[in-house]
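The values are calculated or read from the model by the stated rules, or taken from the named source; none is laboratory data. Values in this document were obtained by computation on a predicted structure and should not be read as measured data. Cβ placement follows ideal geometry from the backbone for every residue including glycine, while neighbour counts extend to all protein chains displayed. With ligands, DNA and RNA removed, areas are computed over all heavy atoms of the protein, side chains included. Shrake-Rupley method; radii C 1.70, N 1.55, O 1.52, S 1.80 Å.
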Amino acid sequence: MGEPVAVTVKPNGVPTMPVEMALLPRRFYFDIYEVSYWSRTVMVPLLILMDRKPVKFLPAELSLDELGPVPRERASLRFPRVPQPFGWRGLFWKSFFIAVDDGLKIWERFSPRPLRKRALETARRWLEERLAVPGGLGGIYPAMANAILALRTLGYPEDHPLVRGQIKEIEALVVEDADELRCNPCNSPVWDTSLAANALVESDLAPDHPALRHAAEWMMDRQVLVPGDWQIKRPHVKPGAWAFQYDN
């Protein structure tokens with residue numbers, strides 16, 4: 001084992017995500033329900049992590065520096081090159097968001113932040129409510145992994161049912177062959193079944209073919225008929241769609 005090294009990231013290179021974002025009202029231009037559900041499930045636990053800023057020391061041989069196009073000491077995460085097609089508009093929005101980020105960094109560092117504790121509690125409750133059901137948070141690995149880390153930084157023990165539940169869901173994404181082990185980002189059975197059924201229909205397979213009938217019956221059983229977070233924005237719309245996964 002090599003000498004432990006700290007995972008260092010330039011503070012200016014990481015966009016600010018104040019945990020108070022969890023408290024933004026619905027009438028605000030942006031709130032957590034303005035983004036897609038999978039983004040939201042990744043973002044809420046990330047707000048907790050960005051607030052707590054945990055640091056993990058790793059052996060030097062476990063670093064991921066080889067993934068970077070240039071050495072870490074010469075990397076510039078804060079000022080990526082704007083692609084040519086974006087022109088002056090791209091430069092404007094880049095400068096705008098950098099200015100906003102600078103303002104938020106100053107606010108985070110020097111403001112008393114009276115709503116911080118309330119925001120952390122709001123994010124924690126949001127997580128608990130959604131981790132108590134099977135299928136894993138968002139049905140996707142990034143959200144589950146972020147949730148585990150967020151809970152641990154909040155003091156939840158390793159053997160807590162919510163922590164163990166997400167670990168179990170991640171283990172269900174693991175595929176092990178004779179010589180390798182990999183983790184899928186998510187499962188996509190409804191997506192795959194519908195695409196396969198459409199391909200069979202386009203290939204002139206008879207509509208009453210057993211394969212198509214079985215696929216249709218299976219997908220009908222997977223239809224989501226219970227409300228979800230999306231009804232916060234569309235309260236008068238009845239549920240009836242399908243998930244990407246089994247029944248998330």
(request) Identify all residues within the range 215-248 that are at pLDDT 90 or above and open to solvent by 100 Å² or more (accessible area, probe 1.4 Å); write none if there are none. (result) Glu217, Met220, Asp221, Leu225, His236, Lys238, Trp242
(message) Of the conditions (1) open to solvent by 50 Å² or more (accessible area, probe 1.4 Å); (2) outside any helix (DSSP H, G or I); (3) within 30 Å of Thr122 (Cα to Cα), Ala178 satisfies every one except a single condition; which number is it?
(response) (3)
(request) Please enumerate the residues belonging to the range 145-171 that are of a type in the set (Gly, Ala, Ser) and surrounded by 11 or more Cβ atoms within 10 Å (Cβ to Cβ). (result) Ala145, Ala147, Ala150, Gly165
(request) Could you pull out the residue among Val226, Val237 that is closer than 29 Å to Asn146 by Cα, of a type in the set (Val, Ile, Thr) and out of contact with any Gly (no Cβ under 6 Å at 6 or more places or on another chain)? (result) Val226
(message) Quick check on the range 181-214: of everything there that is closer than 30 Å to Leu137 by Cβ and in contact with a Leu (Cβ under 8 Å, 6 or more places away or on another chain), which residue is least open to solvent (accessible area, probe 1.4 Å)?
(response) Ala197
